[in-house]
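Q: Dumping the structure here so I can ask a few things about it.
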Amino acid sequence: MENKIYYPEDKLPLARLIPMGMQHVVAMFGATVLAPILMGFNPQTAIFFSGVGTLLFILITRAKVPSYLGSSFAFIGPVLAVTGGAAEKIPFALCGIAGAAVLYALAGAATLKYGSKWIDRLMPPLVTGAVVAIIGLNLSSSAVSNFLNSYFRLATSADAVLLLVAVVTFAVAAAVSLYLKGFMRLLPILTGVVCGYVLSLALGIIDPAHIEAIKNAAWLGLPPFITPAFSFEALLVIAPVFVVLVAENKGHLEAIGGYMQRDMNPHLGRAYLGDAAASFVSAMGGGTPQTTYAENMGVMAITRVFSVYNFIAAACIALLLGLCPKFGAVIQSIPNPVLGGVTVILYGLIAMMGIKIWLDAKVDFCEHRNLIVAGSSIILATGLGVKGFTLGTVNIAGIAFGTVFAVVMNLALSFGGKEEKDAACRQG
């Protein structure tokens, strides 16, 4: 029974939906809050619109695609290039985000009309597998720095305490997934975080400022909304980033389909439209651009629960977080080692999903072209990390750069005759 797969249409009792929805909120929370902080946006607004966007996505995809939508990291560099970190320029960045959403919607409309073959040619499994692997590997330094510290060094007793919390969180999450039975086996991430948080409280490592913030936070309060202001320059800088979302979303659908043994390509057009609508609505109110979240794919992979009702529950909880500053303050107080303990598992699963896409599609790595496209894009993206590549005043994050590089290299190396197979590789 514990190995049962719950498909998108499968319903779960409300008593199970609430903790499972909370688990997905915990999985997405760190990145969904970090991205707006890095861009200068309000995290409470981003959380609120992640809930709105997820509900929109489920509605537009007719509840066929299990996904949570959170803040996209691909936009951080272009947004900062427009705002320069100045809050008064955020309305211009919102215009660029809305432009990207419109282009994204056009890609979705084209996919609905002409099918997914044009996307398949542009982004075959070789590329989408690389993109999914890039996401996991690009986030690896964040997971490891949270697990230990930003210096990757164990030097003091305080470091040892943080490492203990991370190890306990990791061990609990892994043990729940591997050894428990019944419903509890479906809550490894949430259980790991709760145990890690309780241990953090006992060891006194939760920041006193966070404890004070929880006490002082209001129970109810609307997030601050901002409307866009037109800027042609912002459109030129930010709108082209929609290409990254196209690749990410396709890779995510292939990974989910692989785990469920279902062809998700028929839903690709609506998935694009749902993601685009979520990003556009978010931009209209001052939220971040949105994308289907790999972190939540990791939760689905480890629990084998793909029910869209999980994400309806998670979206409703996110809306409550956006409207309840106190609840949000509790989530924001989760210490870095606790997040590190679970993200090491989640980000590792994401990287493995990319490899699974290659295996399922039988990508032939005896072909040098495939080795070059996948290997070079992964190395470049992982090496650039969150710092990215800066061209003039525009910064392109590692995930975005690696995605575009993989697409361009795949197209560039597709011309020419059939390459000769590597006999030594085949014998091996």
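The values are calculated or read from the model by the stated rules, or taken from the named source; none is laboratory data. Quick caveat, the model's predicted, so the values are computed rather than measured. Here the Cβ is made from the backbone with ideal geometry for all residues, glycine too, and neighbour counts use every protein chain on show.
Q: With G51, G70 as the choices, which residue is assigned to a helix (DSSP H, G or I), small (G, A, S) and over 21 Å from Y7 (Cα atoms)? Please lay out each step first, then the result.
A: Numbers: G70 fails: assigned to a helix (DSSP H, G or I).
Within the list G51, G70, the selection yields G51.
Q: Which is under 25 Å from P124 (Cβ atoms), within 20 Å of the chain's Cα centre (by Cα) and in a helix (DSSP H, G or I), of I379, I345?
A: On the way: I345 fails: under 25 Å from P124 (Cβ atoms).
I379 is the lone residue from the list that is under 25 Å from P124 (Cβ atoms), within 20 Å of the chain's Cα centre (by Cα) and in a helix (DSSP H, G or I).
Q: So which residues in region 356-390 are among the charged types (D, E, K, R) and either surrounded by 15 or more Cβ atoms within 10 Å (Cβ to Cβ) or closer than 14 Å to I134 by Cβ (or both)? First the steps, then the outcome.
A: So in region 356-390, the residues among the charged types (D, E, K, R) come out as 356, 360, 362, 364, 367, 369, 387.
Within region 356-390, K356, D360, D364, E367, R369 meet the criteria.
Q: Taking only region 231-250 into account, find how many residues are of a type outside the set (S, T, N, Q) and in contact with a Phe, Trp or Tyr (Cβ under 8 Å, 6 or more places away or on another chain).
A: Applying the first criterion (of a type outside the set (S, T, N, Q)) to region 231-250 yields 232-248, 250.
If we keep only those that are in contact with a Phe, Trp or Tyr (Cβ under 8 Å, 6 or more places away or on another chain) too, we end up with 233-234, 238, 241-242, 245-246.
Selection size over region 231-250: 7.
Q: Follow-up question, since we're still on this one. Within region 244-277, track down each residue that is hydrophobic (A, V, I, L, M, F, W, C) and more than 26 Å from F405 (Cα to Cα). Break it down stepwise before answering.
A: Step one: list which residues in region 244-277 are hydrophobic (A, V, I, L, M, F, W, C), which gives 244-247, 253, 255-256, 260, 264, 268, 271, 273, 276-277.
Across region 244-277, the qualifying residues are M260, A277.
Q: Can you tell me which residue in region 245-303 is surrounded by the fewest Cβ atoms within 10 Å (Cβ to Cβ), limited to those that are out of contact with any Leu (no Cβ under 9 Å at 6 or more places or on another chain) and of a type in the set (A, V, I, L, M)?
A: Selected residue: M260.
Q: A further question on this structure: Could you run through region 332-341 and say how many residues are in a helix (DSSP H, G or I) and of a type in the set (A, V, I, L, M, F, W, C)? Walk me through how you get there before you give the answer.
A: Filtering region 332-341 down to residues in a helix (DSSP H, G or I) leaves 332, 336-341.
Right, trim to of a type in the set (A, V, I, L, M, F, W, C) and you get 338-339.
Selection size over region 332-341: 2.
Q: While we're here: When you go through (1) under 19 Å from P36 (Cα atoms); (2) among the charged types (D, E, K, R); (3) modelled with pLDDT of 85 or more one by one for R369, which number turns out not to apply?
A: (1)
Q: Does any residue in region 122-133 that is touching a residue at least 12 places away in the same chain (Cβ under 8 Å) come within less than 8 Å, Cβ to Cβ, of a residue that is part of a loop (DSSP other than H, G, I, E, B) six or more places away or on a different chain, and which pairs are these?
A: P125/V363; L126/V363; G129/V363; V131/M123
Q: Something else now. From the list K181, K215, pick out the single residue that is of a type outside the set (V, I, T), surrounded by fewer than 17 Cβ atoms within 10 Å (Cβ to Cβ) and either closer than 24 Å to M20 by Cβ or touching an Asp or Glu at 6+ places or on another chain (Cβ under 8 Å) (or both). Let's see the steps before the verdict.
A: Values: K215 fails: either closer than 24 Å to M20 by Cβ or touching an Asp or Glu at 6+ places or on another chain (Cβ under 8 Å) (or both).
That would be K181, the only listed residue that is of a type outside the set (V, I, T), surrounded by fewer than 17 Cβ atoms within 10 Å (Cβ to Cβ) and either closer than 24 Å to M20 by Cβ or touching an Asp or Glu at 6+ places or on another chain (Cβ under 8 Å) (or both).
Q: Continuing with the same structure: Taking the conditions exactly as written (within 24 Å of M409 (Cα to Cα) and crowded, with 16+ Cβ neighbours inside 10 Å), does A100 satisfy them or not? Give the steps one after another, and end with the answer.
A: Details: within 24 Å of M409 (Cα to Cα): yes; crowded, with 16+ Cβ neighbours inside 10 Å: yes.
Answer is yes for this residue.
Q: If you don't mind, another one. Being surrounded by fewer than 21 Cβ atoms within 10 Å (Cβ to Cβ) and among the hydrophobic types (A, V, I, L, M, F, W, C) is the filter here; which residues of region 34-46 pass it?
A: Within region 34-46, L34, I37, L38 meet the criteria.
Q: With the condition kept exactly as written, say whether any residue in region 199-211 is within 23 Å of the chain's Cα centre (by Cα) and either closer than 18 Å to L346 by Cα or in contact (Cβ under 8 Å) with a residue 40 or more places away in the chain (or both). So that I can check it myself, show each step before the final result.
A: Initially, region 199-211 is screened for residues within 23 Å of the chain's Cα centre (by Cα), giving none.
Within region 199-211, none of the residues are within 23 Å of the chain's Cα centre (by Cα) and either closer than 18 Å to L346 by Cα or in contact (Cβ under 8 Å) with a residue 40 or more places away in the chain (or both).
Q: Related question: Pick from region 391-428 the residues that are among the polar types (S, T, N, Q) and surrounded by 22 or more Cβ atoms within 10 Å (Cβ to Cβ): which of them is modelled with the lowest pLDDT? Outline the logic, then answer.
A: Narrowing region 391-428 to residues among the polar types (S, T, N, Q): 393, 395, 403, 410, 414, 427.
Among the residues that remain, those that are also surrounded by 22 or more Cβ atoms within 10 Å (Cβ to Cβ) are: 403, 410.
Numbers: T403: 81, N410: 89.
Per the criteria, the residue is T403.
Here is a yes/no grid of residues against (1) buried (at least 18 other Cβ atoms within 10 Å of the Cβ); (2) of a type in the set (V, I, T):
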position: A63; (1), (2): no, no
position: A81; (1), (2): yes, no
position: A109; (1), (2): no, no
position: L112; (1), (2): no, no
position: I119; (1), (2): yes, yes
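Q: Among the candidates V193, V172, V244, which residue alone is within 23 Å of V161 (Cβ to Cβ) and within 19 Å of the chain's Cα centre (by Cα)? Break it down into steps so the answer makes sense when it comes.
A: Details: V172 fails: within 19 Å of the chain's Cα centre (by Cα); V244 fails: within 23 Å of V161 (Cβ to Cβ).
Of V193, V172, V244, the one residue that is within 23 Å of V161 (Cβ to Cβ) and within 19 Å of the chain's Cα centre (by Cα) is V193.
Q: Which of the following residues is over 20 Å from the mean Cα position of the chain (by Cα), farther than 22 Å from F401 by Cα, crowded, with 19+ Cβ neighbours inside 10 Å and of a type in the set (F, W, Y): F49, F92, F57?
A: After ruling out the rest, the residue left standing is F92.
Q: Which of (1) in contact with a Ser or Thr (Cβ under 7 Å, 6 or more places away or on another chain); (2) closer than 13 Å to A351 by Cβ is the odd one out, the single condition N146 does not satisfy?
A: Single failed check for N146: (2).
Q: Restricted to region 1-48, and to residues that are modelled with pLDDT under 75 and assigned to a loop (DSSP other than H, G, I, E, B), which residue is farthest from Y68 (Cα to Cα)?
A: Among residues in region 1-48 that are modelled with pLDDT under 75 and assigned to a loop (DSSP other than H, G, I, E, B), the one farthest from Y68 (Cα to Cα) is M1.
Q: Then there is this: Quick one: count up the residues across region 301-331 that are charged (D, E, K, R) and not in a helix (DSSP H, G or I).
A: Just the residues of region 301-331 that are charged (D, E, K, R), to begin with: 304, 326.
Filter again for not in a helix (DSSP H, G or I), leaving 304.
So the answer is 1.
Q: Still on this model: Across region 244-297, what is the number of residues that are at pLDDT 85 or above, part of a loop (DSSP other than H, G, I, E, B) and under 14 Å from L69 (Cβ atoms)?
A: The total comes to 3.
Q: Has region 227-240 got any residue that is buried (at least 19 other Cβ atoms within 10 Å of the Cβ), not hydrophobic (A, V, I, L, M, F, W, C) and not in a helix (DSSP H, G or I)? Break it down stepwise before answering.
A: Start the filter on region 227-240 by keeping residues that are buried (at least 19 other Cβ atoms within 10 Å of the Cβ), which leaves 228, 231, 234-235, 237-239.
Narrowing the set further to residues that are not hydrophobic (A, V, I, L, M, F, W, C) leaves 228, 231.
Filter once more, keeping what is not in a helix (DSSP H, G or I): 228, 231.
Yes, that holds for at least one residue.
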